[in-house]
Amino acid sequence: NRSQNATVMPVPSAFNDLGDAPLRDHVGWVWYQRKEIISSRHSDQRIYLRIDSANYYSIVYVNSIEVGRHIGGHIPFEFDITKQIHFGSENRLTVAINNTISWQTVPNADFNYLVQKDNISGVDRYPPGYFNMKGNFDFFHYAGLLRPVRLLFRPILFIDDFLINAQANGSLTYSFGLVGNAAYESIHVEAVDENDSLIYSNDKPTGSAKIDNAKLWWPRGLGEPTLYSITARVYGNGGSIIDEYRTTFGFRSVTFDNEKIYWNGRPFYCQGFGMHEEADIRGRAFDPVLMTKDLNLLEWTNANCYRTSHYPYAEERIFEGDRRGIAVIIETPAVGLKSFSDANAQLHAQMAEEMILRDRNHPSIFMWSLSNEPPDISSRDTQIYPDSRRSSQISQCAGHSHHCRLWPFPSPTTITRLIY
C-alpha cells in the first residue's frame with residue numbers, strides 16, 4: 001500500500017536536500033519502491049539487482065520477498081533475484097534504507113535516547129523515543145540511494161571475479177572465474193594496446209606473459225596514462241558467445257622507501273587534494289556533469305592526485321582517473337573512529353575487502369587508506385597490518401596531519417581478510 005507521506009524521489013540522489021527540514025534531518029527508515037515489467041524473453045537469463053551505493057543499512061525486496069541485506073554505504077552490492085521475478089508481468093522492487101549510525105557502525109556516531117524529567121513538575125522533557133545522533137565527523141551524513149541502481153541480465157554461465165596485474169617490467173597476469181553450471185566449448189582471452197593491436201592471447205581462465213616494450217601508465221606530469229584493454233569470452237556450441245567481459249588496465253609499478261614513493265622507478269609526489277563527492281541539491285549523489293567539472297578543475301590547478309576523503313567514490317570517477325592520469329588514494333568510510341570493538345573491526349575489514357575487490361584493477365589507485373582522523377593512535381594499531389615487502393601500501397593519516405604512516409599491503413593478486 002502507498003504510504004501517506006510518499007513522494008517522488010529521483011535516483012541517484014540524497015533525499016536530505018529534496019524536501020523540508022524534517023526530511024533533511026530524518027533519521028531512521030525510508031522506503032524506495034518502483035515497478036518494472038521484465039519481458040519473458042529474459043526468462044533464460046539470470047537477473048541481478050545491483051545497487052552502487054545505499055547509505056547506510058539496506059534491506060532489498062522483490063515482489064515483497066526479502067532477497068538480501070547490506071551494511072555500509074559507498075560500495076556496490078548485488079543480489080540474484082531470478083527466482084523472485086515474474087517474467088512478462090509487473091514486478092515490485094523495494095529497497096528499505098536506514099541511515100542510523102552509532103558506536104556499532106563504521107563510521108561512528110553518538111546515538112543516545114534522551115530521558116529527563118523536569119525537577120519541579122516531574123514531567124518528561126522529551127517525548128518517548130526521542131534521541132540525538134551526532135556523527136563523529138565534520139561533514140553532513142547524506143543518505144538514500146546515492147548512486148545508480150541497475151537490473152543486470154546475465155547468461156546462465158557468466159564471467160566473474162576478474163583480476164589483472166600488469167607491472168612496469170611488462171609482466172601481465174590475469175584470472176577469472178565462471179559462475180553457473182552450464183556447459184561451454186571454449187574460452188578466449190586477448191589484450192590489445194591503445195591502437196587495438198593484439199599484444200597477447202590465450203585460451204584459459206588464467207594466464208601470464210611478458211609484454212615487450214609495454215607503454216607504461218604514468219600520473220600527470222610524469223608521462224602518458226597509457227591504457228590497454230583485455231577481453232575474455234566464453235563460447236558455446238557453434239562458436240556462439242555465451243558471455244564477454246572487457247576492462248582496461250595499465251602497466252605500472254609503485255614502490256616506496258623511508259623517504260619517497262616511486263612510480264615506475266621515478267620519484268612521485270602526490271600533488272592534490274582531499275576531496276568530497278557532494279554538491280548542492282544532489283547531496284552525495286553521483287552526477288557525471290559534476291564529476292567532469294570537478295576533475296577539470298583539479299587538472300586546472302595542475303594537480304595529479306587526490307584522496308577520496310572520507311569514503312570510496314563512484315566507480316565512474318576512478319575510471320576517469322585511469323583515463324586522465326590522476327592518481328588516487330582510496331579510503332574506507334572509517335573516519336573518526338573512537339569505538340573499535342571486535343564487531344566493528346570485522347565490519348571495517350568487510351568494508352575494506354569490498355573496496356579492494358571493486359577497485360583492485362585500476363592503475364590509478366596506488367594506496368589504500370584504511371582510516372582517517374582517529375582521535376588518538378594506540379599501540380594496538382601497529383599490530384593490525386601484517387608485514388610484507390609488496391609495493392602497494394595502506395595509509396592511515398592521524399588527524400589532519402600531512403604526515404602519514406605507511407604499511408605495505410599484500411600483493412594485489414591476493415585479497416586478504418584483515419585480522420584485528
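The values are calculated or read from the model by the stated rules, or taken from the named source; none is laboratory data. Predicted, not measured: the structure shown is a model, and the values here were computed from it. Neighbour counts run over all protein chains shown; Cβ positions are idealised from the backbone, glycine included. The accessibility values were calculated without ligands, DNA or RNA, using every heavy atom of the protein model including side chains. Shrake-Rupley method; radii C 1.70, N 1.55, O 1.52, S 1.80 Å.
Those residues that are within 30 Å of Ala314 (Cα to Cα), open to solvent by 30 Å² or more (accessible area, probe 1.4 Å) and either without any contact (Cβ under 8 Å) to a residue 12 or more places away in the chain or not acidic (Asp, Glu) (or both), I need them from segment 108-123; list them, please.
The first filter runs over segment 108-123 and keeps only residues within 30 Å of Ala314 (Cα to Cα), leaving 108-111.
Still in the running and open to solvent by 30 Å² or more (accessible area, probe 1.4 Å): 110-111.
Correct list: Phe111 only.
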Worksheet item: Cβ-Cβ below 9 Å, separation at least six or inter-chain, first residue in segment 215-226 and more than 16 Å from Gln167 (Cα to Cα) and at pLDDT 95 or above, second part of a loop (DSSP other than H, G, I, E, B) and of a type in the set (A, V, I, L, M, F, W, C): which pairs?
Response: Arg220/Ala303; Arg220/Ile326
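Looking at Tyr126, Tyr142, Tyr174, which one is of a type in the set (Phe, Trp, Tyr) and open to solvent by 50 Å² or more (accessible area, probe 1.4 Å)?
Working: Tyr142 fails: open to solvent by 50 Å² or more (accessible area, probe 1.4 Å); Tyr174 fails: open to solvent by 50 Å² or more (accessible area, probe 1.4 Å).
Exactly one of Tyr126, Tyr142, Tyr174 is of a type in the set (Phe, Trp, Tyr) and open to solvent by 50 Å² or more (accessible area, probe 1.4 Å), namely Tyr126.
Out of the strands (runs of 3 or more DSSP E) lying entirely within segment 125-170, which hold 2 or more residues that are within 30 Å of Leu216 (Cβ to Cβ) and under 18 Å from the mean Cα position of the chain (by Cα)? First the steps, then the outcome.
Details: elements: 131-135, 149-154, 158-166.
The strands (runs of 3 or more DSSP E) meeting that bar are 158-166.
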Item to complete: Would you check which residues across segment 239-252 are surrounded by fewer than 18 Cβ atoms within 10 Å (Cβ to Cβ) and under 28 Å from the mean Cα position of the chain (by Cα) and list them?
Response: Glu244, Tyr245, Arg246, Thr247, Thr248
Discussion item. The conditions are (1) more than 19 Å from Pro363 (Cβ to Cβ); (2) modelled with pLDDT of 95 or more; (3) not in a strand (DSSP E or B), and Ala182 fails exactly one of them. Which is it?
Written reply: (2)
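Residues to consider are Thr301, Thr292; find the one that is over 16 Å from the mean Cα position of the chain (by Cα), hydroxyl-bearing (Ser, Thr, Tyr) and within 19 Å of Tyr269 (Cα to Cα).
On the way: Thr292 fails: within 19 Å of Tyr269 (Cα to Cα).
Of Thr301, Thr292, the one residue that is over 16 Å from the mean Cα position of the chain (by Cα), hydroxyl-bearing (Ser, Thr, Tyr) and within 19 Å of Tyr269 (Cα to Cα) is Thr301.
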Practice prompt. Could you tell me whether segment 40-51 includes any residue that is surrounded by 15 or more Cβ atoms within 10 Å (Cβ to Cβ), closer than 17 Å to Thr100 by Cα and of a type in the set (S, T, N, Q)?
Written response: no
Worksheet item: If we scan segment 231-243, do we find a residue that is in contact with a Phe, Trp or Tyr (Cβ under 7 Å, 6 or more places away or on another chain), acidic (Asp, Glu) and assigned to a loop (DSSP other than H, G, I, E, B)?
Response: no
Item to complete: Go through segment 261-290 and give me each residue that's within 20 Å of Asn16 (Cα to Cα) and among the aliphatic types (A, V, I, L, M).
Response: Ala279, Ile281, Ala285, Leu290
Response to the item:
Checked segment 266-301 for anything open to solvent by 60 Å² or more (accessible area, probe 1.4 Å) and small (Gly, Ala, Ser); matches are none
Worksheet item: Among (1) under 21 Å from Glu278 (Cα atoms); (2) surrounded by 15 or more Cβ atoms within 10 Å (Cβ to Cβ), which single condition is Asp25 missing?
Response: (2)
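Scan Arg317, Arg307 and give me the residue that is open to solvent by 30 Å² or more (accessible area, probe 1.4 Å), in contact with an Asp or Glu (Cβ under 9 Å, 6 or more places away or on another chain) and at pLDDT 95 or above. Even if it seems obvious, please write down each step before you answer.
Details: Arg317 fails: open to solvent by 30 Å² or more (accessible area, probe 1.4 Å).
Testing whether each residue is open to solvent by 30 Å² or more (accessible area, probe 1.4 Å), in contact with an Asp or Glu (Cβ under 9 Å, 6 or more places away or on another chain) and at pLDDT 95 or above leaves just Arg307.
Going by what's in this entry, would Thr100 be described as open to solvent by less than 60 Å² (accessible area, probe 1.4 Å), part of a strand (DSSP E or B) and hydroxyl-bearing (Ser, Thr, Tyr)? Show your work before the answer.
On the way: open to solvent by less than 60 Å² (accessible area, probe 1.4 Å): yes; part of a strand (DSSP E or B): no; hydroxyl-bearing (Ser, Thr, Tyr): yes.
It is false that Thr100 is open to solvent by less than 60 Å² (accessible area, probe 1.4 Å), part of a strand (DSSP E or B) and hydroxyl-bearing (Ser, Thr, Tyr).
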Worksheet, complete the sentence: Matching residues in segment 242-268 (over 23 Å from Leu172 (Cβ atoms) and without any contact (Cβ under 8 Å) to a residue 24 or more places away in the chain) number 5
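Given the structure, is Asp80 of a type in the set (D, E, K, R), closer than 30 Å to Ile318 by Cα and either open to solvent by 20 Å² or more (accessible area, probe 1.4 Å) or over 23 Å from the mean Cα position of the chain (by Cα) (or both)?
On the way: of a type in the set (D, E, K, R): yes; closer than 30 Å to Ile318 by Cα: yes; either open to solvent by 20 Å² or more (accessible area, probe 1.4 Å) or over 23 Å from the mean Cα position of the chain (by Cα) (or both): yes.
Considered against the rule, which asks whether it is of a type in the set (D, E, K, R), closer than 30 Å to Ile318 by Cα and either open to solvent by 20 Å² or more (accessible area, probe 1.4 Å) or over 23 Å from the mean Cα position of the chain (by Cα) (or both), Asp80 comes out as yes.
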